[in-house]
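The next block holds one structure in the form of structure tokens; read it before the comments.
What follows is calculated from the coordinates using simple rules that are stated; it is not laboratory data. These numbers come from a predicted model, not from an experiment. All Cβ positions, glycine included, derive from the backbone under ideal geometry; neighbour counts span all protein chains shown.
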Amino acid sequence: EFKHFWSEEFEVVHRELGCALICMSNKFSLLQEDTRIHHINMHDYVKSFPNGEALSAKMVELLHNCEKQYDSITDDCDRTVKVAACFKVDAKKEGIAPEITMIEAVMERY
């Protein structure tokens, strides 16, 4: 399911996806204890992929801006899926949505 995240047809709406994203992010230490992004770890993680050095700051900025929009949602899974949907839209607007090679690299690590 994660490899379809960036396709136009894939709707980022289900709470369960938010829970899965939290689980996967915790595996890579990308979240703080309050399930908000850990900025330093996220920067380092993004930098580890092709073109990651160039994308890291912008991706973390977009994620953080989306987190701020949905900060009042108390359910971690619900909030995370809203943040993910926001990030998907904003990353596509900025032209930095990952290409299939990066998605495949992430899937290999997971």
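Charges at C-beta only: +1 for Lys and Arg, -1 for Asp and Glu. How large is the resulting dipole of the chain about its Cα centre, in Debye rounded to 20? Please report the intermediate quantities before stating the final value.
Numbers: 13 positive and 20 negative charges, 32 e Å.
The calculation lands at about 160 debye.
What spacing in nm lies between the two simple spin-label points modelled at Phe5 and Glu33, each 7 Å away from Cα in the Cβ direction?
Output for this residue pair reads 2.6 nm.
I need the calculated FRET efficiency for the pair Met24 and Asn51, taking r as the beta carbon distance and R₀ as 25 Å, to the nearest 0.05.
Computed FRET efficiency for Met24 and Asn51: 0.75.
Between Ile40 and Lys68, what is the label-to-label distance in nm when each label sits 7 Å out along the Cα-to-Cβ direction?
So the label points at Ile40 and Lys68 sit 2.2 nm apart.
Looking at the range 11-52, which GluC sites (Glu not before Pro) are DSSP coil and have at most 13 other C-beta atoms within 10 Å of their C-beta?
Glu11, Glu33
Out of these labelled values of Cα Rg over 2.2 N^0.38 Å, (i) 1.34; (ii) 0.98; (iii) 1.12, which was calculated from the coordinates shown here?
The listed entry that was calculated here is (ii).
At a 10 Å Cβ-Cβ cut-off, how would you order Asp90, Asp44, fewest neighbours first?
Working: Asp90 18, Asp44 15.
Going from sparsest to densest Cβ surroundings: Asp44, Asp90.
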